[in-house]
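Read the structure below first, then the notes.
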Amino acid sequence: MHEVALAVLKKSEDERLEEEIAALMKWLRELSNRDARQGKVTVLGEIQDEVLHEIVKSSKVEAYKPNQILIKQGNVGFTMYIILTGMCDIRISSADTTEEDDAEATEDPFEEGDVLVKKKPAEIEALLGVSVGTFKAGHAFGEVALVSGVLRTASVIVNPDSDICQVLVIDKSLFDRTLQDYMRREEAGKANFIEQFSHFSTWPVKFRQQLLRGLSKTRFKYSEQVMRQGDEIDCVYFITSGEVKQSLVPGLHPGAVQPAGVATGAASLKNEVIGGLEVVLGMKTYLCHGVATMETNMYRLNLREWTRLVERRHPNTLK
């Protein structure tokens, strides 16, 4: 289907037929449904049909090669993107310096659109910063600069193992008339969560902003599994509404001592953290099974961002 979708998007706006737009909208919704089955909430699954119709009708498509830079941190942003095929890595450079320090930093010769040919992972990290996450089909990025009017807060580069990365390109004009209100509500929701969550509310503004960028919304319906005991930990969850019932099967952790406060049938409610205990204890896998007992909304912070922002920069958060 994606070949058909790309063919439609390569047409001019006037050449796109209503039946083609409808078919493409359906395909994009299916992308979001796939993520929804994993608890992930994406912009494609949240916006109204009228908004998605306008995006499909008026956006354009661009293709990027592996190791090609889409966004460079510190640049002015005029567009946002939604991935159709392929994968992109999000990288942050000089995350622990001030804006003044950044201004004095030596500029590298690479810009948006350049391909980092034959660069090893360590070389890419030296140029663009540490990788803090990977986005796949259906995910949007680049909206922060459009919502807040700030410079690009991270670099985005096509994953070296990705196929050609095809993206929907949404310029500022299209963004303002379609996604602006939705994105502002999402950012306000994250900011409100950070301010009300005692672990984070005292952080310096710079790091609260970095945390806001790293949070992604997740939603699990009644009886859906949030995590499985013994699965590798890849993120920490913060519950904003609903409930997750946790249960532990001692036999899956032979010889392990069950930590205090964790018992079969324990429930995690609003403002509680899932996965944080395991990370603090140095465990590599989830201690318990977790199932939503009602529709449950959470923010997800991937493990790399947790390590960078919490363990390294704000270890007192863990106390």
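The values are calculated or read from the model by the stated rules, or taken from the named source; none is laboratory data. Owing to the predicted nature of the structure, the values given are computational and were not obtained by experimental measurement. No Cβ is skipped: glycine too gets one built from the backbone with ideal geometry, and neighbour counts run over all protein chains shown.
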- Kindly indicate whether Val167 is closer than 25 Å to Glu3 by Cα and crowded, with 17+ Cβ neighbours inside 10 Å. yes
- Item | Residue, modelled with the lowest pLDDT, within the stretch 103-158, restricted to residues that are more than 29 Å from Cys235 (Cα to Cα) and among the acidic types (Asp, Glu) | Glu104
- Do we find that Ser131 is closer than 16 Å to Asn67 by Cβ, outside any helix (DSSP H, G or I) and more than 17 Å from the chain's Cα centre (by Cα) in this structure? no
- Message: Just to be sure I understand the filter: pairs with C-beta atoms under 6 Å, separated by 6 or more residues or on different chains, first member in the stretch 287-308 and in contact (Cβ under 8 Å) with a residue 12 or more places away in the chain, second member of a type in the set (A, V, I, L, M, F, W, C) and part of a loop (DSSP other than H, G, I, E, B). Which pairs pass?
- Response: Cys288/Leu248
- Just one listed residue, out of Gln210, Gln166, is in contact with a strand residue (DSSP E or B) (Cβ under 8 Å, 6 or more places away or on another chain), part of a helix (DSSP H, G or I) and of a type in the set (S, T, N, Q), and it is Gln210
- Query: Taking the stretch 43-60 as the search range and keeping residues that are touching a strand residue (DSSP E or B) at 6+ places or on another chain (Cβ under 9 Å) and surrounded by fewer than 20 Cβ atoms within 10 Å (Cβ to Cβ), which one is farthest from Ser173 (Cα to Cα)?
  - Reply: Glu46
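Given the options Val169, Val147, name the one that is in contact (Cβ under 8 Å) with a residue 24 or more places away in the chain, β-branched (Val, Ile, Thr) and out of contact with any helix residue (DSSP H, G or I) (no Cβ under 8 Å at 6 or more places or on another chain).
Result of the check over Val169, Val147: Val169.
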- For residues that are under 18 Å from the mean Cα position of the chain (by Cα), surrounded by fewer than 20 Cβ atoms within 10 Å (Cβ to Cβ) and within 17 Å of Leu84 (Cβ to Cβ), tally how many sit in the stretch 142-164. 1
- Task: Return only the number of the condition from (1) surrounded by 15 or more Cβ atoms within 10 Å (Cβ to Cβ); (2) polar (S, T, N, Q); (3) farther than 24 Å from Glu243 by Cα that Asn302 does not satisfy.
- Result: (3)
- Please tell me if Leu151 is in the same structural domain as Ile90 (by TED's automatic domain parsing) and of a type in the set (A, V, I, L, M, F, W, C). yes
